[in-house]
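The values are calculated or read from the model by the stated rules, or taken from the named source; none is laboratory data. Being a predicted model, the structure only gives us computed values, none of them experimental. Glycine also receives a Cβ, built like all others from the backbone with ideal geometry; neighbour counts cover every protein chain displayed. We work out accessible area using only protein heavy atoms, side chains counted, and drop any ligands, DNA or RNA first. Shrake-Rupley method; radii C 1.70, N 1.55, O 1.52, S 1.80 Å.
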Amino acid sequence: DGSRLSIRGDWTLEHVARIAALCKNLQGKLAADSRIDARAIGRIDTAGASFLLDLAGADPTRIDVEHGATRKLIAAVAHAENAAPAKRRRKDRGFIAILAHVGQALDEFWSNAVALVGFIGLILAAFARSALNPRRWRVTSTIAHIEQTGLNALPIVALLCFLVGAVVAFLGATVLKEFGASIYTVELVGYSFLREFGVLLTAIMVAGRSGSAFTAQIGSMKAREEVDAIRTLGLQPVDVLVMPRVLALLVSMPILTLVGMLAGIIGGAAVCVLTLDISPLMFITRLHETTTVRHFWVGMSKAPIFAFLIAAIGCLEGFKVAGSAESVGTHTTSSVVQSIFVVILIDALAAIFFMEIDL
């Protein structure tokens, strides 16, 4: 009489053609309140559940099943079929889109700043723990990173500063020559490299070379779950991975800065000797007479600060890596950009500060 329908067999995707034919033959033969007995059914998947719901008029309560898993599957398919399609969000354009991008950028900037401050706190706490317990110092790892970040970077830093020193001296000589003050090119080169260019160019090179390497190294370890393994062993990742890198940069950065200052002054001296007829002895004598040692200490005082911030940003971005190669590349790029931005910002603030205190 069409009041009850018994279902058996496997209602899966591989039998969908036969099931569809059977359901087509049953159309119009079932009563509106008929029950569907599916307690003897074998395997069932979403395709079979969809056909059962069609027979039951999209009412899962009319279907009798034995297993709870089958009942949950049918309910899930019914919910999916009855759910309203998601409305497509209209894409913002024009001024609204610009405001959205600006707000997103500001929110990301604030989040990164808060995360960096918190990470600096973790590093300082690790420093305090290590200072009270020298056995926690990882001397071998620190020396290896000093070689990577300091010794291996000496040639490129020296070459870059030498070329920039030559360019600064050439431009200064070209401009000052019109006023008959070419001799002041010596002061220009000395002041610029001792106070600003020596440490700034070195910091930018270290951020692009060592900071990105820190992010890539820690990011790859994070992707391979090696950081989780370190925690499983009862060790702190900050002590094992961050501390040696920070200490290495704190040692390497002042040395690289000193080399950069000397290379820049030598590059400027070479231009002065070749284009201004200033002898090397005259250049050294005037540099000694007009340039005081306070300019050197102003530049060197910024080197440890830059080293600490570059290492902190590089390691922090490495810990942010999710688990893919794309994430490693994204955070490596972000590490370089953030490091250079912070270095230039701190350098500008330091220049204003030293100018205000007349140093």
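If you take the residues of region 339-350 that are in contact with a Lys or Arg (Cβ under 8 Å, 6 or more places away or on another chain) and of a type in the set (A, V, I, L, M, F, W, C), which of them is surrounded by the most Cβ atoms within 10 Å (Cβ to Cβ)?
Across region 339-350, the extreme among qualifying residues is A350.
Here's a check for you: in region 24-72, which residue that is of a type in the set (A, V, I, L, M) and part of a helix (DSSP H, G or I) is farthest from the chain's Cα centre (by Cα)?
L26
Which number in (1) open to solvent by 60 Å² or more (accessible area, probe 1.4 Å); (2) modelled with pLDDT under 90; (3) among the β-branched types (V, I, T); (4) closer than 17 Å to V164 by Cα marks the one condition that T292 misses?
Failing condition for T292: (4).
What's the total number of residues in region 264-277 that are touching a residue at least 60 places away in the same chain (Cβ under 8 Å) and open to solvent by 10 Å² or more (accessible area, probe 1.4 Å)?
7
Taking region 163-186 as the region of interest, how many residues are open to solvent by less than 40 Å² (accessible area, probe 1.4 Å), touching a helix residue (DSSP H, G or I) at 6+ places or on another chain (Cβ under 8 Å) and within 16 Å of D277 (Cα to Cα)?
7
Evaluate region 222-241: report whether one residue or more is open to solvent by less than 50 Å² (accessible area, probe 1.4 Å) and under 20 Å from I346 (Cβ atoms).
No, because not a single residue in region 222-241 is open to solvent by less than 50 Å² (accessible area, probe 1.4 Å) and under 20 Å from I346 (Cβ atoms).
With A307, A311 as the choices, which residue is over 30 Å from I183 (Cβ atoms), among the small types (G, A, S) and in contact with a Lys or Arg (Cβ under 6 Å, 6 or more places away or on another chain)?
Details: A307 fails: in contact with a Lys or Arg (Cβ under 6 Å, 6 or more places away or on another chain).
Selected residue: A311, the only one of A307, A311 that is over 30 Å from I183 (Cβ atoms), among the small types (G, A, S) and in contact with a Lys or Arg (Cβ under 6 Å, 6 or more places away or on another chain).
Spot the failing condition for V321; the list is (1) in a loop (DSSP other than H, G, I, E, B); (2) surrounded by 18 or more Cβ atoms within 10 Å (Cβ to Cβ); (3) hydrophobic (A, V, I, L, M, F, W, C); (4) over 32 Å from the mean Cα position of the chain (by Cα), and only one is missed.
(4)
Filter region 202-224 down to the residues that are of a type in the set (A, V, I, L, M) and closer than 19 Å to P237 by Cα and list them by number.
Answer for region 202-224, where residues must be of a type in the set (A, V, I, L, M) and closer than 19 Å to P237 by Cα: A213, A216, I218, M221, A223.
In a helix (DSSP H, G or I), at pLDDT 90 or above, open to solvent by 30 Å² or more (accessible area, probe 1.4 Å) and among the β-branched types (V, I, T): is that true of V336 in this structure?
It is true that V336 is in a helix (DSSP H, G or I), at pLDDT 90 or above, open to solvent by 30 Å² or more (accessible area, probe 1.4 Å) and among the β-branched types (V, I, T).
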